[in-house]
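One structure below.
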Amino acid sequence: MQANVSRRDMAKAFAFVAAASAAAPALAQSGAGGDIDAAVKAAHAQYKSLNEGKNADYIPALAQVPSNYFGIGLVTPGGKSSFVGDIEPKFSIQSISKVFTLALVFQESGEDLIENSIGVDATGQVFNSITAVEQFKGKEMNPFVNPGAIATTGMVKGSSADEVWRKILGIHSDFAGRQLDVDQVVYKSEADTNQRNRAIGQLMSAYERFPGDPAQAVDLYTRQCAIAVNAKDLAVMAATLANGGKNPVTRKQVVDQRHVPGILAVMATAGLYDDSGKWLFHTGLPAKSGVGGGIIAVSPGKFGIGTFAPPLDAAGNSVRGQRAITAISNALGGNPYSVRPV
């Protein structure tokens with residue numbers, strides 16, 4: 001008998017192994033609240049004066065965000081939390097939103113739709129590449145580069161743009177555990193400068209990678225990227241994924257547990273733009289960044305981290321956020337691939 005294993009099946013298998021290794025001994029069950037606080041505070045103290053990178057400026061509104069903001073949040077599946085620094089200022093979620101719209105499509109339509117339409121592979125090209133679309137006619141991509149993300153937004157079911165938007169904003173709010181809104185200044189700034197995304201949407205539509213009006217899909221995608229969050233929100237959103245799709249604060253099952261391994265697998269392979277492989281090599285953590293300065297990272301069964309620090313490196317990832325998450329995860333044993341022999 002010949003085996004026929006899909007990429008998604010393999011990705012799920014790897015994610016399952018990671019989650020299983022993380023389950024023993026789980027931080028969330030260890031009662032190590034003091035250790036959590038110490039790790040979060042130490043990382044903030046160590047990197048708050050780091051002055052590397054610069055704000056994204058291709059979206060004019062993002063260039064105006066104070067570059068000295070630095071907030072960190074950590075939440076466990078059991079609801080323990082630790083927050084330090086600039087955790088209240090709101091900022092636009094940007095590409096981190098791609099994770100939660102993907103979760104919505106998985107929940108509504110199943111994972112096969114995504115795998116068979118746009119794929120789940122890293123493209124090896126920049127996040128807004130048109131060449132990558134042309135190379136495989138919109139396939140062999142993933143939901144975290146702009147072409148795949150626009151197509152994913154275009155797959156959300158609804159009889160009108162308003163209905164689709166209510167669903168998108170609703171699932172983001174459910175992950176955060178509170179009602180979220182859009183930063184209208186950022187939305188307008190992006191809508192006025194998103195000509196390339198409009199072209200990408202038209203091209204993905206021409207290759208029939210999603211149904212409906214490509215202009216509507218691009219507008220909804222632009223709006224979802226402008227959802228306003230803070231570091232606390234991101235920590236709860238990440239912890240919801242760390243807890244099998246159940247919000248550890250509200251206790252609402254936001255997305256079925258069976259979809260979480262696939263979400264984490266795409267985060268692991270394509271979450272930090274061109275540096276996704278380097279990030280996974282050093283941390284083992286599924287993560288997703290946004291050019292607004294946020295990052296979420298997930299240690300399955302242990303914790304979710306959200307950070308906010310606007311200056312980005314050349315790949316578009318928050319410099320202080322990456323350093324802080326790495327330090328915290330190392331201190332708390334968060335790498336799911338780091339298993340002690342028995």
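The values are calculated or read from the model by the stated rules, or taken from the named source; none is laboratory data. Since the model is a prediction, treat every value here as computed from it, not as a measurement. Backbone-built Cβ (ideal geometry, glycine too); neighbour counts: all protein chains shown. We work out accessible area using only protein heavy atoms, side chains counted, and drop any ligands, DNA or RNA first. Shrake-Rupley method; radii C 1.70, N 1.55, O 1.52, S 1.80 Å.
What are the residues in segment 314-340 that are in contact with a Gly (Cβ under 6 Å, 6 or more places away or on another chain) and either in a helix (DSSP H, G or I) or surrounded by 17 or more Cβ atoms within 10 Å (Cβ to Cβ) (or both), if any?
SER318, VAL319, ASN335, PRO336
Yes/no per residue for (1) in a loop (DSSP other than H, G, I, E, B); (2) under 17 Å from MET267 (Cβ atoms):
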| site | (1), (2) |
| --- | --- |
| LEU62 | no, no |
| SER67 | yes, no |
| GLU108 | no, no |
| ALA122 | yes, yes |
| GLU140 | yes, no |
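Given LEU264, LEU241, which one is outside any loop (DSSP other than H, G, I, E, B), open to solvent by 10 Å² or more (accessible area, probe 1.4 Å) and under 22 Å from VAL339 (Cα atoms)?
Only one candidate passes the filter, namely LEU264.
If you take the residues of segment 153-168 that are of a type in the set (A, V, I, L, M, F, W, C) and over 12 Å from GLN224 (Cα atoms), which of them is most open to solvent (accessible area, probe 1.4 Å)?
ALA161
Would you mind finding the one in VAL249, VAL255 that is part of a loop (DSSP other than H, G, I, E, B), closer than 18 Å to ILE171 by Cα and open to solvent by 50 Å² or more (accessible area, probe 1.4 Å)?
Numbers: VAL255 fails: open to solvent by 50 Å² or more (accessible area, probe 1.4 Å).
Only one candidate qualifies: VAL249.
The rows are residues; the columns are (1) among the polar types (S, T, N, Q); (2) closer than 27 Å to TYR273 by Cβ; (3) at pLDDT below 95.
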site	(1), (2), (3)
ALA32	no, no, yes
GLN46	yes, yes, no
GLN107	yes, yes, no
GLU111	no, yes, no
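Pull up segment 288-342, narrow it to residues that are under 14 Å from the mean Cα position of the chain (by Cα) and of a type in the set (Ser, Thr, Tyr), then point me to the one that is nearest to LEU272 (Cα to Cα).
If we take residues in segment 288-342 being under 14 Å from the mean Cα position of the chain (by Cα) and of a type in the set (Ser, Thr, Tyr), then SER289 is nearest to LEU272 (Cα to Cα).
Could you figure out which of (1) open to solvent by 40 Å² or more (accessible area, probe 1.4 Å); (2) part of a loop (DSSP other than H, G, I, E, B); (3) out of contact with any helix residue (DSSP H, G or I) (no Cβ under 6 Å at 6 or more places or on another chain) isn't true of PRO310?
Single failed check for PRO310: (1).
Of the residues ILE130, ILE171, ILE150, which single one is out of contact with any Phe, Trp or Tyr (no Cβ under 7 Å at 6 or more places or on another chain), open to solvent by less than 60 Å² (accessible area, probe 1.4 Å) and of a type in the set (Val, Ile, Thr)? Walk me through it before giving the result.
Numbers: ILE171 fails: out of contact with any Phe, Trp or Tyr (no Cβ under 7 Å at 6 or more places or on another chain); ILE150 fails: out of contact with any Phe, Trp or Tyr (no Cβ under 7 Å at 6 or more places or on another chain).
Going through ILE130, ILE171, ILE150 in turn, just one is out of contact with any Phe, Trp or Tyr (no Cβ under 7 Å at 6 or more places or on another chain), open to solvent by less than 60 Å² (accessible area, probe 1.4 Å) and of a type in the set (Val, Ile, Thr): ILE130.
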